[in-house]
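The values are calculated or read from the model by the stated rules, or taken from the named source; none is laboratory data. Source: prediction; values computed, not measured. All Cβ positions, even for glycine, are placed from backbone atoms using ideal geometry, and neighbour counts span all protein chains on display. Side chains included, ligands, DNA and RNA excluded: accessible areas come from the protein's heavy atoms. Shrake-Rupley method; radii C 1.70, N 1.55, O 1.52, S 1.80 Å.
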Amino acid sequence: MKAPGLNIKELAQQVAERLEELALVSDEPGWLVRTFLSPASARANALVGGWMREAGLTVREDDFGNLTGTRQGPPGARKLVIGSHLDTVVDAGKFDGPAGVLLGIAAAAACPDLPFTLEVVGFSDEEGVRFQSTYLGSRAYVGKISPEELALRDAAGISVGELTAARRAAGFPEAGADLENLMGYLEIHIEQGPVLEEAGLALGVVPGIAGQTRILAGFTGQAGHAGTTPMPLRRDALAAAARLVLEAESQAQLHPPLLATVGKMEVLPGAGNVIPGQVVFTLDVRSPDNTAREAALEHLEQFGAAEAAARRLAWHWQVKQSNPAVPCDAGLSARLTEAVAAGQPVVPRIFSGAGHDAAVLAGVGPAAMLFVRCRAGLSHHPDEYASPEDLAAALEAVVRFVLSLAASPYV
Ligand code: GLV
Ligand code: MN
Ligand code: MN
């Protein structure tokens with residue numbers, strides 16, 4: 001099925017140009033970083049909100065910073081949600097998240113007459129940079145924010161609850177979508193890996209999303225003089241943290257496809273001639289297998305405790321966020337696969353090791369994900385790139401998918 005009279009190529013070219021423009025909206029000069037409810041996120045929402053309006057969508061920004069563009073169907077109509085996130089990592093690429101939102105807007109522009117409600121969403125916090133807590137935006141959208149999440153504090157000591165209450169006081173409506181008639185959720189995202197490029201194919205369909213746990217951990221010992229404190233008498237927090245980092249790496253090497261990453265570490269007081277008295281670091285553990293992920297976490301928590309005991313340190317271990325592995329909906333994914341198959345000879349199924357808002361939406365209805373080839377499989381890096389041709393292939397498949405749901409709704 002082909003969308004009549006639509007110039008998919010032009011819309012995809014517009015998406016490519018808009019991605020460049022959006023990438024200039026950053027909280028810091030010189031690189032791209034947009035975190036949950038930051039000034040740049042507000043500017044990004046204003047820009048993307050304008051593009052949503054141009055596509056004929058009614059725009060709403062909620063207290064959690066989620067941006068929705070809705071085209072209401074007839075009374076009682078079912079709802080298709082297309083979304084991804086507008087926040088980024090630090091020194092981010094231009095495509096991770098925004099590509100899915102802008103392609104969703106393009107799909108809305110390409111499909112003006114639908115018998116159902118179409119909602120395009122830019123979620124506000126998938127990366128979790130500010131609060132170490134991924135999916136705050138989509139969890140608020142589906143009404144599942146917990147008291148623990150509201151109590152999370154950022155580096156400046158401000159809590160999620162305080163921030164969102166201030167936004168409600170400033171007039172932003174409370175997050176929470178009407179999902180009673182949800183037909184499904186589609187997320188379009190760059191693959192962030194090399195499989196499609198290796199296969200020479202533009203698109204793939206995602207059967208499921210890996211579980212992930214984010215930990216904030218640390219050791220506290222005793223700072224002291226690097227020249228006068230004999231080695232056996234030291235309580236060096238960084239030496240313990242170094243062993244924990246290597247143990248995390250070896251756990252992951254021993255139990256593939258488990259992945260473990262320490263991505264951020266703070267060493268205090270942080271001087272070349274002072275024994276490190278305190279170390280705080282993040283730990284990110286992922287697997288498609290929930291049991292394997294939980295076993296690795298238990299092992300690493302015990303390893304840290306043993307290391308702390310041997311070195312007379314205090315050991316801190318705080319679970320900031322834990323999300324189990326999530327399958328995508330088989331039926332909706334089959335519909336998406338048919339739409340992709342009309343444009344390429346085979347449709348790879350690629351399990352996602354990265355987190356996506358689809359993992360949250362899958363908890364409230366059928367969710368499907370489309371992966372788009374990205375150059376060298378690179379992501380979370382400024383060189384992240386997907387070609388306008390591949391964006392056009394994605395848009396073409398999404399338009400086919402949307403029109404197929406219009407012709408015969410998914411039940
Ligand atoms: C998000 O991109 C994540 O998987 O960390
Ligand atoms: Mn990401
Ligand atoms: Mn992403």
Item to check | CD proxy at 222 nm, helix term only [per DSSP H run n ≥ 4: -39500 (n - 2.57); per residue of the chain; nearest 500] | outcome: -11000 deg cm²/dmol
Checklist entry - log10 I(q)/I(0), Debye, Cα-only segment 135-217, no solvent, q = 0.17 Å⁻¹? => result -0.95
Checklist entry - What accessible area per residue comes out for segment 211-323, rounded to a whole number of Å², with a 1.4 Å probe? => result 51
Next on the checklist: Checking the a/c ratio against 1.5 first, then a/b against b/c, what shape does the Cα gyration tensor give for segment 172-223?
Outcome noted: oblate
Next on the checklist: Can you give me the C-alpha center-to-center distance between segment 192-250 and segment 299-340, rounded to a whole angstrom?
Outcome noted: 13
Next on the checklist: Can you compute the charge dipole magnitude of the chain about its Cα centre, using +1 on each Lys and Arg Cβ and -1 on each Asp and Glu Cβ, nothing else charged? Give it in debye, rounded to the nearest 20.
Outcome noted: 420
Next on the checklist: Quick check: from the Cα gyration tensor, does segment 1-159 come out rounded (a/c under 1.5), prolate or oblate?
Outcome noted: oblate
Checklist outcome for this item: Treating only Lys and Arg (+1) and Asp and Glu (-1) as charged, each at its beta carbon, one finds that segment 326-411 has a dipole about its Cα centre, in Debye to the nearest 20, of 200
Checklist entry - So which GluC sites (Glu not before Pro) in segment 139-191 end up in coil per DSSP with only 12 or fewer other C-beta atoms within 10 Å? => result Glu174, Glu180
Next on the checklist: What value in Å³ per residue do you get for the convex hull of the alpha-carbon atoms in segment 211-323?
Outcome noted: 86
Next on the checklist: Using a Cα-Cα cut-off of under 23 Å, which lysines could be cross-linked to Lys94, ignoring same-chain neighbours fewer than 8 residues away?
Outcome noted: Lys9, Lys264
Next on the checklist: Quick check: from the Cα gyration tensor, does the chain come out rounded (a/c under 1.5), prolate or oblate?
Outcome noted: prolate
Checklist entry - With a sphere of radius 12 Å drawn around the Cβ of Ala242, what net charge do the other residues whose Cβ falls strictly inside it have (Lys, Arg +1; Asp, Glu -1)? => result -2
